[in-house]
1. Kindly evaluate C:L99 against the criterion of being within 14 Å of chain A (Cβ to nearest Cβ), more than 30 Å from A:N97 (Cβ to Cβ) and either more than 12 Å from the chain's Cα centre (by Cα) or assigned to a helix (DSSP H, G or I) (or both).
2. Take B:G153 and tell me if it is surrounded by fewer than 16 Cβ atoms within 10 Å (Cβ to Cβ) and small (G, A, S).
3. Quick check on this structure: which one of B:Q121, B:Q126 is free of Cβ contacts under 8 Å to residues at least 12 places away in the same chain, away from every other protein chain (no Cβ under 14 Å) and under 29 Å from B:R41 (Cβ atoms)?
4. Residues C:L153, C:L175, C:L164: which one is part of a helix (DSSP H, G or I) and surrounded by 21 or more Cβ atoms within 10 Å (Cβ to Cβ)?
5. Of (1) at pLDDT below 90; (2) surrounded by 19 or more Cβ atoms within 10 Å (Cβ to Cβ); (3) farther than 22 Å from C:S123 by Cα, A:S15 satisfies all except one. Which?
6. List the number of the failed condition for C:A87; all other conditions in (1) within 11 Å of another protein chain (Cβ to nearest Cβ); (2) more than 30 Å from A:C115 (Cα to Cα); (3) surrounded by fewer than 21 Cβ atoms within 10 Å (Cβ to Cβ) hold.
7. Do you know which of the residues in the stretch B:198-210 that are of a type in the set (S, T, N, Q) and at the interface with chain C (Cβ under 8 Å from one of its Cβ atoms) is surrounded by the fewest Cβ atoms within 10 Å (Cβ to Cβ)?
8. So is C:Q225 away from chain B (no Cβ under 11 Å), farther than 16 Å from C:A21 by Cβ and either at pLDDT 95 or above or exposed (fewer than 12 other Cβ atoms within 10 Å of the Cβ) (or both) or not?
Amino acid sequence: MLTQSENSQFQTVPSESRIPLRVKNLKKRFGRLDVLKGISMTAQSGDVISILGSSGSGKSTFLRCLNLLEEPTDGEIWIAGRHVKARGRLGSPREVNALRAKLGMVFQHFNLWSCKTVLENIIEAPIHVLGIAKQEACLRAEELLLKVGLADKRHDYPAHLSGGQQQRAAIARALAMEPEILLFDEPTSALDPELVGEVLKVIRSLADEGRTMLIVTHELAFARQVSNHVVFFHQGQVEEEGHPDELFRRPTSPRFKQFLSAQIGEGCP
Amino acid sequence: MIDLQGFGDQIAVGAFTTLRTAFASLALGVCVGLCGALAKRSRMRIIRRLADCYTTIVRGVPELLIILILYFGGTVAMTTLFGHYVEVDAFAAGVFALTIVFGAYATEVFRAAIQAVPSGQIEAAQALGLSKFCMWRLVILPQMWRHALPGLGNLWLTLLKDTALISVVGLEDLMRKTSIAAGSTHDPLTFYSIAAGLYLFFTSISLVGLTWLERCAERGVRFAK
Amino acid sequence: MNLALMVDVLPLLCEGMLLTAQLTLASVAIGLFIAVPLALLRTSPWPVFSHAIFLYTFLFRGTPLLVQLFLVYYGAGQVEWIRSSVAWSMLREPFWCALITFSLNNAAYTTEILRGGLRAVPSGEVEAAKALGMPYALRIRRIILPAGFRLALPAYANEVVLMLKASSLASTITLMELTGTARKIVAQTFSPYEVFISAALIYLGFTFVIVHLFGRLETRMAKHQKRAEPGNNSQLRARTAGIISASQKVAP
């Protein structure tokens, strides 16, 4: 837990701006339901943090609060050292959009724009938000498509792709903004089992590049392999966290133990 | 209070004629629509073609022109038939024209509604050995209404407004009565505003009624499940 | 039936057709121009706008076009400030009265159709745009409007045909468009069948042209839709059609 003096120091010291993400005491309430009851988290550059938890534990809401798709009720967020969400107050729309451009979001249901081709999906935001020339944006998009293995699908429409291909295209779309952090919201939950592997492979290669990532996932084995930090959410709070090897081998919280055995019992990892 | 300058009674009579025309056309138009939908599902190709022609033509020609054709054409036909000048009754011509228009659109609404009845229901009826007539009466028609209701509601609102067109051939409806009043008092703004208000009142009441009907139909479904 | 007469009146009717085409196309164009911002404001989160625009569409869709036309044509002259303004020189002309009324009427219907299309845009696609940092105006322009237009296209094609048919009402305020010309010829020749049926055929032809053009536009725009599984796509279309037809009604 940080003291208040540490906190104010954090805002002024320039070296701190290298920390990609810092969240303090984030709260979210829907009506009378407390979904997030004060979450604090720090991601250093290159960190891959997996967020686990049963459904309804608030893990997706947490990600959506980070890029302000949901407005947090309370708490503070710093992205790359910029204070974007102060206590109960959101920045201006311009600041919010600048923040969102720094966070790459990958959705459970891909959310590709269905009337644009894969290539158009990728170059849309770089051209119109970052102001990159179309030619350059296309060149970079081609590189990204090569990276996610979709170079031959650039002129296809999302409806003509498999779920796995759509999710890889969505990852390329997020990468095109050159985000500081990538947020994955259950990226493989909507996929047929045989398509999960190809998406996880892409995410793993991104981790190997040293990108900072937050991954909400149900794939325990994957979380264990790829992340250097695992957080377990329970009822809107961080119940347990630590290095994956440590955490999976010797879980301390009874709820996390229960969660693990239930997941393994289902035959997942 | 708005000064009606003694035309209040006339306007009330006109409004009553408007409603009478609309309800008569609705009743007849629903029958035409049902027949049209059945014709479109007929086994005989010629009947299907005829039904297609009917809906295509009526939906591609202005309502006003259809009213004019039936009114003036009807007058010419009657005159030739009886050998002396006979003027067609504007009410009859108007109801006939609106029935034809409403029927064409209703045909499409009913056709879609019949299609929306799950084929399993029809198969079940066949499996029970129901006769074709019984199947329609007991299985398809009762279920079809729920699907047809929103579309029919829209058509009713259009019909209500289309009655104003019959004033062009001289039916003494709300529109015609207000025109007369507007002409003789030199105050068109007031009288046409009153007409607009009355039409708006009719459509609003219809909307409330339709919402209620739709809710009833939905409730029936939930109970059935 | 006198076929020779039908051939004779055809050139005259075609002249009337020109005015019908002018009125229809101009009203549709102006109507669309008004409807796009109104539909956006109607779906906006500010209740002041959405309520005000709802009132406008309710008034225009809840009353007969004929009443609106007479109100403008006969009624506008009674209002002192209109008579003394520059607009009076326009409102004296039946053509401008018809054009203004038709445009406003068409805009009201188009607003509700577009609103249905905008509401049918998948919320995930809008969220993706938000998450990429696209500002509100950019989201509207690049994502929501193009997708909404596509979804509203079938209903809008219908609306354009309805506008063509509605333009026949201009004949009641002395305009010599297709129906007006036909009525004039009938009054001179006393042969309603030949003349009115010729006019009806011209209207039908025009309707077919509109339907065909929109059909081509739809197939061109549908290339992004699924080819392999038509069931999926037709489900979306049915859902969209449901939303739009629900919004067709005078009230939400």
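The values are calculated or read from the model by the stated rules, or taken from the named source; none is laboratory data. Please read these numbers as outputs of a predicted model, since none were measured by experiment. For neighbour counting, all protein chains shown are included, and Cβ atoms are generated from backbone atoms with ideal geometry for every residue, glycine included.
1. Numbers: within 14 Å of chain A (Cβ to nearest Cβ): no; more than 30 Å from A:N97 (Cβ to Cβ): yes; either more than 12 Å from the chain's Cα centre (by Cα) or assigned to a helix (DSSP H, G or I) (or both): yes.
So C:L99 fails the test.
2. Numbers: surrounded by fewer than 16 Cβ atoms within 10 Å (Cβ to Cβ): no; small (G, A, S): yes.
Answer is no for this residue.
3. Details: B:Q121 fails: free of Cβ contacts under 8 Å to residues at least 12 places away in the same chain.
Of the residues listed, the single one that is free of Cβ contacts under 8 Å to residues at least 12 places away in the same chain, away from every other protein chain (no Cβ under 14 Å) and under 29 Å from B:R41 (Cβ atoms) is B:Q126.
4. Working: C:L153 fails: surrounded by 21 or more Cβ atoms within 10 Å (Cβ to Cβ); C:L175 fails: part of a helix (DSSP H, G or I).
After applying the criteria, what remains is C:L164.
5. (2)
6. (1)
7. First, pick out the residues of the stretch B:198-210 that are of a type in the set (S, T, N, Q): B:203-204, B:206.
From what's left, at the interface with chain C (Cβ under 8 Å from one of its Cβ atoms): B:203-204.
Details: B:T203: 23, B:S204: 14.
Among residues in the stretch B:198-210 that are of a type in the set (S, T, N, Q) and at the interface with chain C (Cβ under 8 Å from one of its Cβ atoms), the one surrounded by the fewest Cβ atoms within 10 Å (Cβ to Cβ) is B:S204.
8. Taking the combined requirement at face value, the residue does not satisfy it.
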